[in-house]
1. Can we say Ala141 is within 16 Å of the ligand (Cβ to nearest atom), crowded, with 21+ Cβ neighbours inside 10 Å and more than 29 Å from Ala121 (Cβ to Cβ)?
2. If you check Ala147, Ala155, Ala118, which single one turns out to be over 22 Å from Ser229 (Cβ atoms) and part of a helix (DSSP H, G or I)?
3. Where residues in region 83-109 are of a type in the set (Lys, Arg) and out of contact with any Gly (no Cβ under 6 Å at 6 or more places or on another chain), which of them is surrounded by the fewest Cβ atoms within 10 Å (Cβ to Cβ)?
4. How do the pairs read when you match residues in region 214-243 that are in a loop (DSSP other than H, G, I, E, B) and β-branched (Val, Ile, Thr) with residues anywhere that are within 14 Å of the ligand (Cβ to nearest atom) and at pLDDT 95 or above, using Cβ under 8 Å and keeping only pairs 6 or more apart or on different chains?
5. If a residue has to be of a type in the set (S, T, N, Q) and within 17 Å of Gly89 (Cβ to Cβ) to count, how many in region 12-48 make the cut?
6. Is it the case, given these coordinates, that Thr174 is polar (S, T, N, Q), without any contact (Cβ under 8 Å) to a residue 60 or more places away in the chain, surrounded by fewer than 20 Cβ atoms within 10 Å (Cβ to Cβ) and near the ligand (Cβ under 10 Å from one of its atoms)?
7. Residue check, Ala196 against (1) assigned to a helix (DSSP H, G or I); (2) touching a helix residue (DSSP H, G or I) at 6+ places or on another chain (Cβ under 7 Å), all met but one. Which one?
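The values are calculated or read from the model by the stated rules, or taken from the named source; none is laboratory data. Keep in mind the model is a prediction, meaning the values are calculated, not measured. All Cβ positions, glycine included, derive from the backbone under ideal geometry; neighbour counts span all protein chains shown.
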Amino acid sequence: MGERTQLVAGNWKMNGLAADGVALARAVAARAAEPHRCDLLVCPPFTLIAAVAEALAGSDVGLGGQDCHAAASGAFTGCISAEMLRDAGCSHAIVGHSERRHTCGESDADVRAKAEAAWRAGLVAIVCVGEIRAEREAGRAVEIVSAQLAGSLPAGTGAAKLVIAYAPVWAIGTGLTATLADIAEIHAAIRRQIPAGTRILYGGSVNPRNAAEILALPEVDGALVGGASLKAEDFWAIAQAAR
Ligand code: PGA
């Protein structure tokens, strides 16, 4: 048996109104009543967290936020703190997703502060890293991801409070996935920089067809699933592919 239980995490991104979000959460919770080998997590938009928490009650499906602010509270219009996520029922917070790094201009230092905030609030931080296409084509993927990780991880973390998600930007939402060899290479490089036992997820167009071969890689400890997490049956099929 592997020492690290795989984690299949659904990032719903900016999708879902109350009715469909609750229906999706209920469908995932119903499936999760069946035997599964992995840990399960869903990360709905902030507006749905309370309703999804209710829909997941009694299941073993965890709940996460997609981002958090570094501060616990204050004059930060439009932002949500890690403490608020915790208060709403979350156990995890994604920080540094590339959609925030690239569209909201978040730096490694911002991501590090958010990871610290997650821990302060008692959440597990899912720290995302990943290269853009030009960096991969230039043969710089390992260097870029290692630098992001070095800048984004606070000192003094333990594996229990941390998950890394390697999500190459060019593979997100594009239907393209990194090759198995590339995933293995990057995950091995990440492994050298993080506390023993930390889980490393792969993200980037994971779907029911490619999940089994990706999740079979020894260095892959789960998946961060975007698009396919919006369909309970696809999300469940990916979860069933966990080793
Ligand atoms: P995707 O998103 O599954 O839709 O490609 C993955 C991610 O954002 O990590």
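1. Yes, satisfied.
2. That would be Ala147, the only listed residue that is over 22 Å from Ser229 (Cβ atoms) and part of a helix (DSSP H, G or I).
3. Going through the qualifying residues, I end up with Arg100.
4. Short answer, once both residue conditions are applied: Val220/Ile183; Val220/Ile200; Val220/Leu201; Val220/Tyr202; Val220/Ile214.
5. 1
6. yes
7. (1)
To keep it simple, each residue is scored yes or no on (1) farther than 14 Å from Asn11 by Cα; (2) of a type in the set (A, V, I, L, M).
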{"position": "Leu162", "(1), (2)": "yes, yes"}
{"position": "Gly175", "(1), (2)": "yes, no"}
{"position": "Ala196", "(1), (2)": "yes, yes"}
{"position": "Leu215", "(1), (2)": "yes, yes"}
{"position": "Pro218", "(1), (2)": "yes, no"}
{"position": "Ala228", "(1), (2)": "no, yes"}
{"position": "Gln240", "(1), (2)": "yes, no"}
